[in-house]
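Peer 1: Pasting a structure here, questions to come.
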Amino acid sequence: MKKYCLPDALREELRKLHGELYSGDGLENAKRIIKDLDNYTKLISVGDIVTFNLLSAGLVPDISFVDDRTKRGPASDKIMKGTRHAHFKTITVENPPGMITEELLQEISNAMESKTPIQIFIQGEEDLAALPAIAMAPLSSVIIYGLPDKGAVLVRVTEDKKKEIQSLLDRMKCKEK
């Protein structure tokens, strides 16, 4: 069974930006990001706040990852309700903190093929979902993930970006016990 675990040695490397930082928070920041989007294949949002802001600005992500939590605590009712959308097909996946499970990888793969917007609700933690999403996304897709207290990061999927992220994932193989 393939799954990934985040070793302490990689934590610092994962804090590096893997795309362009849009400083700030909220609707205005989401609108700035949307204005800079052009001809993308898939739009993928990772995180409750990012997803909430994109939906509030009128853009429905093709794939979104939420866990009803923000900054390690419960998200507000406004955020939780605001991340739901009538067009989403919702899939629930268990994914413990610091891991990327086989089930999550399978659902990301399925979502990439879907014509319907998919929301993957994660019981556990969605922070690392951006990595396999980048590695599996079609070229020219965009992934937007939140950076607490900083803003949102926009990643444009290119061959080089996919290779860079896949090499990170390759270093996250779980140690068999």
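Peer 1: Does Gln166 count as of a type in the set (S, T, N, Q) and modelled with pLDDT of 95 or more?
Peer 2: no
Peer 1: Tell me which residues, restricted to region 60-84, are of a type in the set (A, V, I, L, M, F, W, C) and touching a strand residue (DSSP E or B) at 6+ places or on another chain (Cβ under 7 Å).
Peer 2: Listed by number, the residues that qualify are Ile63, Phe65, Val66, Ala75, Ile79.
Peer 1: Would you check which residues across region 81-98 are within 25 Å of Lys35 (Cα to Cα), among the hydrophobic types (A, V, I, L, M, F, W, C) and crowded, with 17+ Cβ neighbours inside 10 Å and list them?
Peer 2: Matches in region 81-98: Phe88 only.
Peer 1: Considering region 83-115 alone, what residues qualify as being closer than 20 Å to Phe52 by Cβ and in contact with a Phe, Trp or Tyr (Cβ under 8 Å, 6 or more places away or on another chain)?
Peer 2: Passing the criteria: Thr83, Thr90, Ile91, Thr92, Val93.
Peer 1: Can you tell me which residue among Leu139, Leu21 is touching a Leu at 6+ places or on another chain (Cβ under 8 Å), closer than 30 Å to Lys173 by Cβ and not β-branched (Val, Ile, Thr)?
Peer 2: Leu21
The rows are residues; the columns are (1) touching a residue at least 40 places away in the same chain (Cβ under 8 Å); (2) crowded, with 19+ Cβ neighbours inside 10 Å; (3) within 23 Å of Met99 (Cα to Cα); (4) not aromatic (Phe, Trp, Tyr).
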position	(1), (2), (3), (4)
Leu14	yes, no, yes, yes
Ile34	no, no, no, yes
Leu55	no, yes, no, yes
Ile63	yes, yes, yes, yes
Lys71	yes, no, yes, yes
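Peer 1: Within region 99-177, considering only strands (runs of 3 or more DSSP E) that don't extend past its boundaries, which have at least 1 residues that are surrounded by fewer than 22 Cβ atoms within 10 Å (Cβ to Cβ), in contact (Cβ under 8 Å) with a residue 60 or more places away in the chain and of a type in the set (Lys, Arg)?
Peer 2: Strands (runs of 3 or more DSSP E) meeting the threshold: 151-156.
The values are calculated or read from the model by the stated rules, or taken from the named source; none is laboratory data. Remember, it's a predicted structure, so these values are computed and weren't measured experimentally. We place every Cβ from the backbone using ideal geometry, glycine too, and count neighbours over all the protein chains shown.
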